[in-house]
Amino acid sequence: MQKENLILDTDISNEVDDQFALCYLIKSLENFNLNAITIAPFNKSGYAKTKTIEEGTELSYNTALKVLDMIDFGGGYKDIVYKGAIKYFWESKEINLATEKIIEIAKQNEHTTIIAIGAITNVALALYHAPEIAKKIKIIWLGGNSFLSELNNEFNFRQDVEAVRTVFNSGAEIVVIPCRNVASHLLTTIYELEHYLGGCGEIGRYLCDIMLNCKKAFENDPLDRVGQSKVIWDISAVAYAIDESWFKCKQISVPEILDDTSYKFTDSDKKITFVMDLNRHKIYQDFFIKMGYKI
């Protein structure tokens, strides 16, 4: 079977879930050629405590290398990590190293899938500077919320709404995994992670530790520890690339994005795929086993 060409676009230090997603992807490379890991912009993350996009980009770049050091045994993937935009699409159309790499890879391959799990700025810039690549790429993006939520006041979406509009209207094949009411089903607890990942070597221990530290950072009262759980949002996009049968989807006309970030339905000929539901069990089962859990 021919492997699928793949780019991961990630703001990996914004939240702990990107690090889980990168590990999941590296453990799933029997199906993919990982051509690039591009760093998406973010700033003022509640988890990372960064103040500028430049700080976030540098932190994400170093975090990607750190995770790859633990999980990439001779694969050479540290050499394909590229820093991306340091301004959002709505602020600047300046090209960057990550965007150049996305364009290069899209042009040289017959088809490339981009898994985007942050603000979609780098992808929008690539389509802006090379609109012809739209017909050669598939974009799987975790962003916004489900149609059950009135507004898309979600981190990946609200940072760069103009970038979302540009990607949605590019003509590329697009799959949107909404956060609230869809990816939010991927709740887990430190106890589940300790059980399935605690014995999976250095990387398993690391993922448990960052989950624990993340939860502690948001504890304002001892009561907050009771019944505590966390969504590992970003593994959803990797899982979709692995097996679409774990997801229920609906294809609709590309919606208009209003100024308040809500969707307005249209009858456009351009279509876009929205994920409506996912199989949590299948996704976590696959993730834990690939990370090394022994049945």
Next item on the list: Find the percent of Cα-Cα distances in the stretch 243-295 that exceed 17 Å, and round it to a whole number.
Entry: 56 percent
Check: Rg and Dmax of the stretch 130-183, using alpha carbons, in Å: what are they?
Finding: 11.7, 34
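I need the per residue convex hull volume for the stretch 146-224, using only the alpha carbons, in cubic angstrom as a whole number. Before the final figure, lay out the partial values.
Details: hull volume 13.2 nm³, N = 79.
With only Cα atoms used, the stretch 146-224 gives 167 Å³ per residue.
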Note to self: What three numbers, in Å, describe the spread of the alpha carbons of the stretch 81-188 along their principal axes, ordered from the longest?
What the structure shows: 38, 30, 27
Margin query: At 7 Å along Cα-to-Cβ for each site, give me the label-to-label distance between Asp69 and Leu187 in nm.
Written below: 3.6 nm
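Per residue, how many Å² of accessible area does the chain show with a 1.4 Å probe? The partial results should precede the final answer.
Details: 13020 Å² over 295 residues.
Here the per-residue accessible area is 44 Å².
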Check: Do the alpha carbons of any pairs in Lys101/Lys230; Lys3/Lys282; Lys83/Lys264; Lys44/Lys136; Lys87/Lys264; Lys87/Lys290 sit beyond 25 Å of each other, and which pairs?
Finding: Lys101/Lys230; Lys83/Lys264; Lys44/Lys136; Lys87/Lys264; Lys87/Lys290
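Given just the C-alpha atoms of the stretch 176-295, how large is their convex hull per residue in cubic angstrom?
Working: hull volume 16.4 nm³, N = 120.
Convex hull volume per residue, Cα atoms: 137 Å³.
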Next item on the list: Determine, for each peptide in 14-24, 93-103, 147-157, the mean count of other beta carbons within 10 angstrom over its residues, then list the peptides with the highest first.
Entry: 14-24, 93-103, 147-157
Check: Per the Kirkwood treatment, what hydrodynamic radius in Å, one decimal, follows for the stretch 8-103 from the mean inverse distance over all distinct Cα pairs?
Finding: 13.6 Å
Note to self: I'd like the Kirkwood hydrodynamic radius of the chain, using the inverse of the mean 1/r over distinct C-alpha pairs, in Å.
What the structure shows: 19.2 Å
Next item on the list: Could you pull out every one of the aspartates and glutamates with an alpha carbon less than 19 Å from that of Lys66, ignoring same-chain neighbours closer than 8 positions?
Entry: Asp9, Asp11, Glu15, Asp17, Asp18, Glu54, Glu55, Glu58, Asp79, Glu202, Asp209, Asp234
Check: Where does the stretch 73-140 land on Rg/Rh, using Cα atoms and the Kirkwood Rh?
Finding: 0.97
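Give me the percent of accessible area attributable to carbon and sulfur for the chain, probe 1.4 angstrom. Walk me through the numbers before you get to the answer.
Details: 6400 of 13020 Å².
Exposed carbon and sulfur together represent 49 percent of the surface.
For the chain, what is the mean residue ellipticity at 222 nm derived from helices alone (per DSSP H run of n ≥ 4: -39500 (n - 2.57); sum divided by total residues; nearest 500 deg cm²/dmol)? Intermediate values should be presented prior to the final figure.
Details: 10 runs with 107 residues, N = 295.
Result for the chain: -11000 deg cm²/dmol, rounded to the nearest 500.
The values are calculated or read from the model by the stated rules, or taken from the named source; none is laboratory data. Remember, it's a predicted structure, so these values are computed and weren't measured experimentally. When we count neighbours, we look across all protein chains shown, and the Cβ atoms used for this are built from the backbone with ideal geometry, even at glycine. Remember, those area values only see protein heavy atoms, side chains included, never the ligands or the DNA or RNA. Shrake-Rupley method; radii C 1.70, N 1.55, O 1.52, S 1.80 Å.
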